[in-house]
Every structure is written in structure tokens, then in C-alpha cells.
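To start, the structure under review is shown below, and the notes come after it.
The values are calculated or read from the model by the stated rules, or taken from the named source; none is laboratory data. Remember, predicted model here, so these are calculated numbers, not experimental data. Reconstructed Cβ throughout: ideal geometry from the backbone, glycine too, with neighbour counts over all protein chains shown.
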Amino acid sequence: MEVCLRVNLLACGSLLARAFRYVLTPPNSTQFRIPAGGSGFANLVVAGDWTKNGIDAGCAEAASTSGMLASQHISGYPRRIKDYTDQL
Ligand SMILES: Cc1cc2nc3c(=O)[nH]c(=O)nc-3n(C[C@H](O)[C@H](O)[C@H](O)COP(=O)(O)OP(=O)(O)OC[C@H]3O[C@@H](n4cnc5c(N)ncnc54)[C@H](O)[C@@H]3O)c2cc1C
């Protein structure tokens, strides 16, 4: 019983710790998001829902769009990213 409780507490603690690091979108924070090619290093391209991707919120669409933006930055493809390119 005690072991079970400890394991559960550890699992909850690690989930909570990760949740605290989740990138939210408070007002006026979008300007600080890093675009795919904005890491400051020529050989480091970033992707993830926390980057500047035109959606700028924690969701699967933001993550996949950022992946396409990273690919575009590296290889030039995809040439057009539906919805993202349409916003520009
Ligand atoms: C509880 C919850 C519910 C959600 N529900 C929805 C929903 O219904 N619909 C929706 O669209 N979105 C939802 N989201 C948001 C969605 O899950 C995220 O937007 C999406 O997973 C972000 O993808 P990502 O690739 O940017 O990051 P992640 O999916 O977080 O992927 C990052 C990966 O990098 C790994 N990693 C981290 N650090 C390192 C390291 N140092 N070395 C190696 N690997 C590392 C992590 O383990 C992880 O696998 C939800 C999120 C949460 C937390």
C-alpha cells in the first residue's frame, strides 16, 4: 500500500512538474516566440508548439505547422503551407 502510494505520488509529481513548464500564450507574449530559423545559431532550427508558427498556442496544429516551417527553413519544402502562407 505504502509503495503504491509513493509510486502514485512520484507519477503525479513528475506530471505536475512538466505541466508547470508548458508554454502558454498570455497577452502580448507572441512577439517573444522564436521562429523556425530564429535560434541565433545557423545550424539550429526549432520546431514545436512553443515556437512562432502563426497559431501560437498549445495544440497539434501549431506543432505540425512548426514542423513544416522548420522543414521549409532547411530545405525550402513544403513551398506553401496551407493557412499559414495564406495569412501572410
Ligand atoms: C493534457 C494535454 C491535453 C492536450 N490536448 C490537446 C488536444 O485535445 N488537441 C490538441 O490539438 N492539442 C492538445 N494538447 C497540446 C498538444 O499535445 C501539444 O501542442 C503537442 O503535443 C506539441 O507537440 P510538440 O512536438 O511541440 O511537443 P511534444 O509533443 O511535447 O514533444 C516534445 C518531445 O520532446 C521530448 N523531449 C523534451 N526534452 C527532450 C530532450 N532534452 N531530449 C530529447 N527529447 C526531449 C519530449 O519527451 C517529447 O516527446 C494537449 C496537451 C496536454 C498537455
When the stretch 29-65 is examined, which residues are found to be outside any loop (DSSP other than H, G, I, E, B) and closer than 21 Å to Ala19 by Cα?
-> Thr30, Phe32, Ala60, Glu61, Ala62, Ala63, Ser64
Of all residues in the stretch 15-63, how many are more than 9 Å from the ligand (Cβ to nearest atom) and on the phi > 0 side of the Ramachandran plot?
-> 4
Residue tally, condition within 14 Å of the chain's Cα centre (by Cα) and either surrounded by fewer than 10 Cβ atoms within 10 Å (Cβ to Cβ) or acidic (Asp, Glu) (or both), over the stretch 20-52 | 5
Looking only at the stretch 64-86, and only at residues there that are buried (at least 19 other Cβ atoms within 10 Å of the Cβ) and of a type in the set (S, T, N, Q), the one that is nearest to the ligand (Cβ to nearest atom) | Ser66
Quick check: is even one residue across the stretch 5-28 at pLDDT below 85, assigned to a helix (DSSP H, G or I) and among the aromatic types (Phe, Trp, Tyr)?
-> yes
